[in-house]
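First comes the structure, then the notes that go with it.
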Amino acid sequence: MKRLSTSAKQSKAGFTLIEVLVVVVIAAVLAAIAAPSWFAFSSRQRAIAVRSDVVQTIRNAQQDAIQLRQARRVEVVTTAVSKPTLRIGSLNFDAAGNPVFTGTPQELGGEANRSGQIRLEAYRVRPDGSKDTAVNNIAFNHQGLPTDRNSIPFVIVVNGGPGAIKQCVIVANLLGSLKTANNTECDNPRVGLN
């Protein structure tokens with residue numbers, strides 16, 4: 001009987017150092033190509049989420065004004081560092097007839113927006129088309145209509161950071177209609193207004 005002899009040659013399994021380096025280099029090149037697109041996509045999605053929150057907040061303020069039969073005001077907090085913030089509350093008057101605003105801050109964007117890259121900017125558009133950045137709020141009367149016709153159109157811009165498309169919400173007319181827009185429509189809110 002013949003004995004089966006085992007081969008003295010053993011197979012070597014694995015990758016060489018050069019093969020591993022080639023795979024790492026290819027993966028790094030693909031990541032470098034995809035990273036800017038991914039960051040722009042995520043910034044754009046965060047800006048859209050904040051824009052949706054702004055629209056919902058303004059609609060809620062209008063509904064609260066109607067239900068409570070009391071003027072409600074939405075103010076853009078431009079000094080918020082970490083998250084875009086709106087203050088919503090009642091617009092009352094003191095004994096001298098001066099408006100007194102008591103509002104509570106509401107942070108926008110949820111948990112996904114902790115980076116601090118998204119900023120809010122607000123302004124009204126003058127009849128000549130220029131921006132009046134001194135106006136950072138809009139109030140709604142007991143019927144849900146804007147109280148100051150000179151503050152229309154009122155624009156809240158959502159700046160989404162580098163690579164993001166500019167988003168905005170426009171209180172378009174005296175009925176308090178809301179319009180969402182982006183890019184150049186934010187800079188020229190009279191385009192397409194009813």
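The values are calculated or read from the model by the stated rules, or taken from the named source; none is laboratory data. Quick caveat, the model's predicted, so the values are computed rather than measured. FYI the Cβ positions are ideal-geometry reconstructions off the backbone, even for glycines, and counts take in every protein chain you see.
Some values worked out for this structure:
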| quantity | calculated |
| --- | --- |
| Unique match (being modelled with pLDDT of 85 or more, more than 18 Å from Gly176 (Cα to Cα) and out of contact with any helix residue (DSSP H, G or I) (no Cβ under 7 Å at 6 or more places or on another chain)) among Ile58, Ile33 | Ile33 |
| Entirely in region 142-194, the strands (runs of 3 or more DSSP E) that have 2 or more residues that are β-branched (Val, Ile, Thr) and at pLDDT 80 or above | 154-159, 167-171 |
| Number of the exception - Asp148 against (1) over 16 Å from Pro189 (Cα atoms); (2) touching a residue at least 40 places away in the same chain (Cβ under 8 Å) | (2) |
| Count of region 65-93 residues which are out of contact with any Phe, Trp or Tyr (no Cβ under 6 Å at 6 or more places or on another chain), aliphatic (A, V, I, L, M) and not in a strand (DSSP E or B) | 5 |
| Every residue from region 116-130 that is touching a residue at least 24 places away in the same chain (Cβ under 8 Å) and either loosely packed, with under 12 Cβ neighbours inside 10 Å or out of contact with any helix residue (DSSP H, G or I) (no Cβ under 6 Å at 6 or more places or on another chain) (or both) | Gly116, Gln117, Arg119, Leu120, Glu121, Ala122, Tyr123, Val125, Gly129 |
| Per-region count, region 131-181, residues out of contact with any Ser or Thr (no Cβ under 6 Å at 6 or more places or on another chain), at positive phi and surrounded by fewer than 19 Cβ atoms within 10 Å (Cβ to Cβ) | 1 |
| Some residue of region 55-64 being surrounded by 12 or more Cβ atoms within 10 Å (Cβ to Cβ), in contact (Cβ under 8 Å) with a residue 40 or more places away in the chain and not in a helix (DSSP H, G or I) | no |
